[in-house]
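The values are calculated or read from the model by the stated rules, or taken from the named source; none is laboratory data. The structure presented is a predicted model; accordingly, all values stated were derived computationally and were not measured. Here the Cβ is made from the backbone with ideal geometry for all residues, glycine too, and neighbour counts use every protein chain on show. Ligands, DNA and RNA are stripped out before the accessible areas are found, and what is left, the full protein with its side chains, is counted by its heavy atoms. Shrake-Rupley method; radii C 1.70, N 1.55, O 1.52, S 1.80 Å.
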Amino acid sequence: MDSFTQIVLGAACGEAVLGKKIGNKAILFGAIGGTIPDLDVLVGKYLFGNDIDAMLFHRGFMHSVLFSILAAFILGWGVYRLYNSGKRRHTTTQKDWILLFFWALFTHPILDCFTPYGTQLFTPFTTYRVAFNNIAVIDPFYTLPFLTCVIILMFFNRQNNRRRFWLKLGLGVSSAYLFLTVVNKLYVDAIFRKSVTESGMLINRFSIQPSIFNNILWYAIAESDTSYFVSYYSLLDTKNRFLEFNELPKQRDLTPEEFNDIKNLADFSKDYYSVYKIGDNLYQYNDLRYPIIDADNPNSSVFYLILFKENERLNMKPFKPKTDNVNKALSDLWIRIKGI
């Protein structure tokens, strides 16, 4: 999920492990631990000269179980050596710090697995991206109640039982909401299957995910032999069916056979993608797991990359969302959430 949410979750992990011993400092160190996996955005830019490689590095090794274990031991050992001095000597143990960083690091990719973006949880053994697609990358209904509880507990003494109460409440409410999103996902999947059966469409596979900022409006994409079909369903719709399907062409102005970069991007997108030539040595790659803005324009994807050929490979320009498109998308989102 978004980095802010991961900071809140990491802070809660810090409080759970060391809150009674060091108070709010545990929240600070937990928040730092929860942030570390997302630093792969910066690490990728440093390691790779190609921006496609750098983008694909995100949610890779630094979001894996192996990294969580290794980094927890290294950070736990290092921070303990620095912290265990003066008046703080013997107030904590090295095991405490290893556990704090492990849970802050490990819960980060686990939470990310529930989002559509995908997380390479088992790198380097496999590059498969785990994605359960049941919660949006940004969902304030998950984050804000959790954040409120974490802020409130900070005002109590570290030995006060109310501090533990607010921690449990924050973890409980956020976990209950996450469970609700799983239930919603299973329900919407079933609705989609019934909708496809009744429509008579012949599809090979499909993917469904919630739209940004909520768990009410769901976006679906299905693949046939020749096309993609996209549709929406709101839990507030009067009929429990996906009713309107918009057909998108499988546009391939660049192919995996020509460039391995397209193959890597296609793997990242679970093969839901299109590529359009938009200028001299400029191509737009659309990740169709995410909605299109204009139903009449199949090249108006919310998540797109501008690619160009460079030294026998492809590279990409920095992603810059179009303000007008974003405003329209948010406006249409709000209207559609309310149901039809």
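If a residue must be among the aliphatic types (A, V, I, L, M) and either open to solvent by 70 Å² or more (accessible area, probe 1.4 Å) or closer than 21 Å to Tyr46 by Cα (or both), how many such residues does region 70-84 contain? Break it down into steps so the answer makes sense when it comes.
Keep residues of region 70-84 that are among the aliphatic types (A, V, I, L, M), which gives 70-72, 74-75, 79, 82.
Then drop every residue that is not either open to solvent by 70 Å² or more (accessible area, probe 1.4 Å) or closer than 21 Å to Tyr46 by Cα (or both), which leaves 70-71, 74, 82.
Final tally of qualifying residues: 4.
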Exercise for review: Answer with yes or no whether Val196 is touching a residue at least 24 places away in the same chain (Cβ under 8 Å) and either surrounded by fewer than 18 Cβ atoms within 10 Å (Cβ to Cβ) or not in a helix (DSSP H, G or I) (or both).
Suggested key: no
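Filter region 219-243 down to the residues that are in contact (Cβ under 8 Å) with a residue 40 or more places away in the chain and in a strand (DSSP E or B), then identify the one that is surrounded by the most Cβ atoms within 10 Å (Cβ to Cβ).
Taking region 219-243 first, the residues in contact (Cβ under 8 Å) with a residue 40 or more places away in the chain are 219, 221, 223, 228, 230, 232-238, 240-243.
Then keep just the ones that are in a strand (DSSP E or B); that gives 219, 221, 223, 228, 230, 232-234.
On the way: Tyr219: 24, Ile221: 23, Glu223: 19, Tyr228: 22, Val230: 21, Tyr232: 21, Tyr233: 26, Ser234: 17.
If we take residues in region 219-243 being in contact (Cβ under 8 Å) with a residue 40 or more places away in the chain and in a strand (DSSP E or B), then Tyr233 is surrounded by the most Cβ atoms within 10 Å (Cβ to Cβ).
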Pairs returned, first residue in region 72-83 that is more than 15 Å from Leu105 (Cα to Cα) and in a helix (DSSP H, G or I), second residue that is open to solvent by 30 Å² or more (accessible area, probe 1.4 Å) and among the charged types (D, E, K, R), beta-carbon separation under 9 angstrom, 6 or more apart or interchain, are Tyr80/Lys95; Tyr83/Lys25
- Message: Any residue that is surrounded by fewer than 16 Cβ atoms within 10 Å (Cβ to Cβ), within 30 Å of Met316 (Cα to Cα) and free of Cβ contacts under 8 Å to residues at least 40 places away in the same chain - is there at least one of those in region 85-93?
- Response: no
Considering region 310-321, residues that are at pLDDT 90 or above and in a loop (DSSP other than H, G, I, E, B), and then whichever is nearest to Trp334 (Cα to Cα), we arrive at Lys317
Subject >> Any chance Asp237 is under 25 Å from the mean Cα position of the chain (by Cα) and either modelled with pLDDT under 95 or more than 24 Å from Val326 (Cβ to Cβ) (or both) >> reply: no
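Which count do you get for residues in region 37-52 that are free of Cβ contacts under 8 Å to residues at least 60 places away in the same chain and either in a helix (DSSP H, G or I) or surrounded by 15 or more Cβ atoms within 10 Å (Cβ to Cβ) (or both)? Don't jump to the end; show me each part of the working.
Filtering region 37-52 for residues free of Cβ contacts under 8 Å to residues at least 60 places away in the same chain gives 39-49.
Now narrow it down to the ones that are either in a helix (DSSP H, G or I) or surrounded by 15 or more Cβ atoms within 10 Å (Cβ to Cβ) (or both): 39-47.
Going through region 37-52 one residue at a time, the tally reaches 9.
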From the option list Asp253, Asp287, Asp294, single residue qualifying as at pLDDT below 95 and of a type in the set (D, E, K, R) is Asp294
>> Just to be sure before I move on: is Asp332 open to solvent by less than 30 Å² (accessible area, probe 1.4 Å), part of a helix (DSSP H, G or I) and farther than 24 Å from Thr226 by Cβ in the structure I sent?
In response: no
